[in-house]
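To start, the structure under review is shown below, and the notes come after it.
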Amino acid sequence: MTLNTQQKQAVVAYLDQHRGDVVSLMQRMIQTRSVNVRLDPDSPGEAEMADLVRAEWESLGFDVEQDAAEKNRPNTISEMKGVGGGPRLLFNAHVDTVAVKDGDTWLDPETGETKSEWSVDPFGGVLKDGYVYGRGSCDHKSPTASLLWAVRALQASGVRLKGDLLVVNDVDEETGGLAGMRYLAGKRAFDVDAALFGTTTQFSKPSRPYFSAIGETNVVRAFSGMQQYRVDVSGKNYHSMTPLHGTTAIENLAKVMPAIQAYMARVNAYVDPVVGTGKPPMRLMNVKTAQRASNRPADVVELYINRRVDPSVDPRGAAAELKKLCEDLSDPANDLHVSAELLREVPANEVAADHPLVLSLADGIRETQGEVPTIAGIPAATGISQLISIQQIPVVTFAYGTLNFHHSIDERIPAEALVKTAQVYAAALMDYLGVAE
């Protein structure tokens, strides 16, 4: 048995012995409310949660700083230098959560039951039937709790890592990251070799058949990007007593909508070889017209369309296709004008299946859990897109826990998942960053 194997076994055993402590930290994190202030103006912000993680990282000897773009919303950047000779890894998991709203309804991902209220206090951190319940349990506090205990286990087992570990616990992820990762990435270069995005990567059993690229336990090496468009369809209005002159925007929309729907159907028929199937990539999200008198027809209709841009799709080509379609549908001589504007974009991500971080996580799962993971892709954009839209960093995603529970009523994570994730993280850090003799 090699020294490395002995050390991994010691780390796994340490975490088995401290299961209650791992769960307790998760409960404290849930009890520390950190609802995004853009989603709940009455929220005090993320400062208390940021101070909690700061104290935890400092207790492990990390150098910690906080950087806030807005009051009471500090981003926490923690770093542990290795002894040298290894790569530099970024770990990212945000600390803000969505709000708990009255009147919401949710289909429970595991039971299929429609729920309109929580069965427990959403900020109580209740441990029930082997699950830790609460807002933020899956999205995204659990990976940070697991990583903290992974590092604690490594230190207790005498493991010295060669490479550096940089941890960013950002705020504002739930509303786009302007005060969080976008703010940080715009002002500092992280200078890392790869990033581990800490988020749950399992899907509930009922939903698994809809996602062709995923399995039961997934190391995610690719995820999609996203584009948001506004398509304007306009006409020309005349007085209602001269109806034979001009065509309203609504009438023009009726003319062009079949062609737009046919184009969307062609886009939706394509299946990316890495991220596979999921919800339709291109969807009509909203239709708007200007507020007008009831007897005055609209002269412009705005269509809001989202397109998922999978890793194998050229984003520039996707935008050009839609704009060309709109140009072809226009008929200025008959007062029909159609145009498309790209409003927002986040990039896709794909790393090779044999990337060292992918292999380290997959090996960690096999060695500590005896499971064979799926090296997967997810057909959706993720929060770390806020970073890679500014800095090009290879990203891999993994944690135990069900992705479908993000934002849900009765959000919860198995207590066992917290410990298993910590064990995998510890083994992966040893492999990827290297262990000094």
Exercise. Between Lys205 and Ala13, 0.36 nm times their residue separation minus their Cα-Cα distance comes to what?
Worked result: 66.2 nm
For this session: For each of Thr289, Thr217, count neighbouring Cβ atoms within 10 Å of the residue's Cβ, then give the residues from fewest to most.
Result: Thr289, Thr217
Seminar exercise, completed: Most exposed first, judged by fewest Cβ atoms within 10 angstrom, Lys324, Lys81 run Lys324, Lys81
Exercise. DSSP loop GluC sites (Glu not before Pro) in region 88-127 with at most 12 other Cβ atoms within 10 Å of their Cβ, which ones?
Worked result: Glu113
Exercise. Over region 225-345, what relative contact order in percent results from Cα pairs under 8 Å that are six or more residues apart?
Worked result: 45
Exercise. Hey, what did region 5-98 get for relative contact order, percent, Cα under 8 Å, at least 6 apart?
Worked result: 24
Problem set entry | Tyr263-Glu416 pseudo-label distance in nm [points 7 Å out on the Cα-to-Cβ vector] | 5.0
Exercise. 222 nm [θ] for the chain, helices only, -39500 (n - 2.57) per DSSP H run of 4+, per residue, to 500?
Worked result: -10000 deg cm²/dmol
For this session: Enter the per residue convex hull volume of region 225-345, computed from alpha-carbon coordinates, in Å³ rounded to the nearest integer.
Result: 94
Exercise. Could you give the length gained on full extension between Glu251 and Gln392, defined as 0.36 nm per residue of separation minus the Cα-Cα distance, in nm?
Worked result: 46.2 nm
Exercise. Along the Cα-to-Cβ line of Glu117, 7 Å from the Cα, sits a label point; which residues in region 397-416 have backbone N less than 20 Å from it?
Worked result: 408-412
For this session: Find how much the distance from Glu341 to Asp102 grows on full extension, using 0.36 nm per residue of separation minus their present alpha carbon separation; answer in nm with one decimal.
Result: 82.5 nm
Problem set entry | Förster radius 45 Å - calculated FRET efficiency between Gln155 and Val287 (Cβ-Cβ, nearest 0.05) | 0.20
Seminar exercise, completed: The local net charge around Tyr14, scoring Lys/Arg +1 and Asp/Glu -1 for residues other than Tyr14 whose Cβ lies under 11 Å from its Cβ, equals +1
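Each value in this text was obtained by applying a stated rule to the coordinates, not by laboratory testing. Computed from a prediction, not measured in an experiment: that's the story for all the values here. Cβ coordinates were reconstructed from backbone atoms using ideal geometry, including for glycine residues, and neighbour counts include every protein chain displayed.
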